[in-house]
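Below: one structure, written as structure tokens.
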Amino acid sequence: MKLDADFDGGSIVVLGETRAGEIALALRTDSASDHRQWFCFRSFGDIGERRAFRIENASECELPNAWDGYHVCASYDGETWFRVPTRYDDGALRFRLTPSRRAVTFAYFAPYSHARLRRLIRRTERSDRARVTVLGETVQGRPIPSITFGRDSAAAARIWIIARQHPGETMASWCAEGIVDRLLDPDDPITSALLEDAQLTVVPWVNIDGGVLGNHRTNAAGFDLNRAWQSPDLESTPEVFAVRSAILSAGVDLFLDLHGDESIPLIFAACCEGNPGYTPRLHALETSFLETLALAAPGFSADEGYVPDDPGEADLTLAANWIGERFDCLSLTLEMPFKDAEAAPDPRRGWTPQRSISFGRSLLEVALLSVPTLR
């Protein structure tokens, strides 16, 4: 059996074979950082050959409690993903599979490659419904594309949706792809109605370097982009600097920041209740949006998630908090699970790229209903 992690998004350290016949592995740290959680590698061998793996340092990752109830993702073709039996004990993550094909990819979650982003951008550029803008460059010089739909007028509500500040949270890019593809459909009545009254901009992947390098949390310079919104700079966090500058220039009435949560088996939102400028109007907007989303999106919970911030105690380095405070607007962080959505479980597959895409499509329905009350 051979293992390979030398590809876009690949990350694992091979230690050797254990006495129990398992392949011993280790999680690699992010670039210039102590963070570690993401893994993605390919295994090549004989069909029907039992393949067993043990990630020895799983307890040394950023969120070791996230392994409880977690099952590793696997795919033969990179498109359809399923879960394999996994257990976490004695600080190690152990999983095994007897594959029906020679090659199989194992990952923390289904990877979303830079090549796939480029295909999405090319698909968008062929449409007369959208325009692509390069907002800036990453630490390593990769362009950061945004996709804008709708007319540019003072009357149009400004909606911004950004994804994947944390590169290992690949479900965010899958979700953004679902949003973009639905907006590209000229026969979709929901998006046609939405674009009558709103201009919507999607940034499908903010932390491109981190994803290509196989990082989980940080960019190529070792910084967590979702802790940089108060004072980004062109050296360490140019990705945030570029996106933030574009939003400051265009304005925003609704901001959604797409993420994945390692521990909580739900889709949920983090709100801005701790912002100094939080008002009853914003609370009403949040409540309406989340209650509508719970009806539109299977697996979403409007009632569960992170412990709310105390009044005035929000961390304004986070994107949604900073945007909500700066623009006095509806601003939310939306989290999808690495595990499954307990409210709508799928034991064989757990949360998947297809479910992320579907969730993105549902977000547009809720955005449409929200537009009249945003200002």
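The values are calculated or read from the model by the stated rules, or taken from the named source; none is laboratory data. What you see is a predicted model; the values in this text were computed from it and never measured. As a convention, Cβ positions derive from the backbone with ideal geometry for all residues, glycine included, and neighbour counts pool all protein chains shown. Just so you know, the surface numbers come from the protein's heavy atoms only, side chains and all, with ligands and any DNA or RNA stripped out. Shrake-Rupley method; radii C 1.70, N 1.55, O 1.52, S 1.80 Å.
Across Thr373, Thr148, the residue with the most accessible area heads the list, and the full order at a 1.4 Å probe is Thr373, Thr148. For the stretch 23-153, the square roots a ≥ b ≥ c of the C-alpha gyration tensor eigenvalues yield an a/c of 1.5 or more together with a/b exceeding b/c, which makes the shape prolate. If a spin label sat at a point 7 angstrom from the Cα of Arg119 along the line to its beta carbon, the backbone N atoms of the stretch 150-189 nearer than 16 Å would be those of 173-182. Here the extension length gained between Ser100 and Ser127 equals 5.7 nm, from 0.36 nm per residue of separation less the Cα-Cα distance. Kindly identify the chain as rounded, prolate or oblate by the Cα gyration tensor criterion: order the square roots of the eigenvalues as a ≥ b ≥ c, call it rounded if a/c is under 1.5, otherwise compare a/b with b/c, prolate if a/b is larger, else oblate. It is prolate, given that a/c is not under 1.5 and a/b is the larger ratio.
Modelled spin-label separation between Glu137 and Asp233, with each label point placed 7 Å from Cα along the Cα-to-Cβ direction: 1.9 nm.
Please report, as a whole percent, how much of the solvent-accessible surface of the stretch 108-157 comes from carbon and sulfur atoms (probe radius 1.4 Å). Of all accessible area on the stretch 108-157, carbon and sulfur atoms account for 46 percent.
Using only Cα atoms, what is the ratio of the radius of gyration of the stretch 123-268 to 2.2 N^0.38 Å? Display every interim value, and only then the final one.
Working: Rg = 15.2 Å, N = 146, 2.2 N^0.38 = 14.6 Å.
For the stretch 123-268, the normalised Cα radius of gyration is 1.04.
Counting only alpha carbon atoms, the long axis of helix 238-250 and the longest principal axis of the chain meet at about 20°. Per residue, the accessible area of the stretch 140-246 comes to 27 Å², computed with a 1.4 Å probe over protein heavy atoms only. Distance between the pseudo-spin-label points of Glu60 and Tyr76 (7 Å out from Cα toward the beta carbon): 3.6 nm. Relative to the longest principal axis of the Cα atoms of the chain, the long axis of helix 280-296 makes an angle of roughly 50 degrees. Solvent-accessible surface of the stretch 250-307, taken per residue with a 1.4 Å probe and all protein chains present: 38 Å².
So how do 192-205, 38-51, 162-175 stack up, highest first, on mean other-Cβ count within 10 Å? Could the numbers behind the result be given before it?
Values: 192-205: 21.4, 38-51: 17.4, 162-175: 29.7.
Output ranking for 192-205, 38-51, 162-175: 162-175, 192-205, 38-51.
Seen against the Cα atoms of the chain and their longest principal axis, helix 353-370 is set at about 10 degrees.
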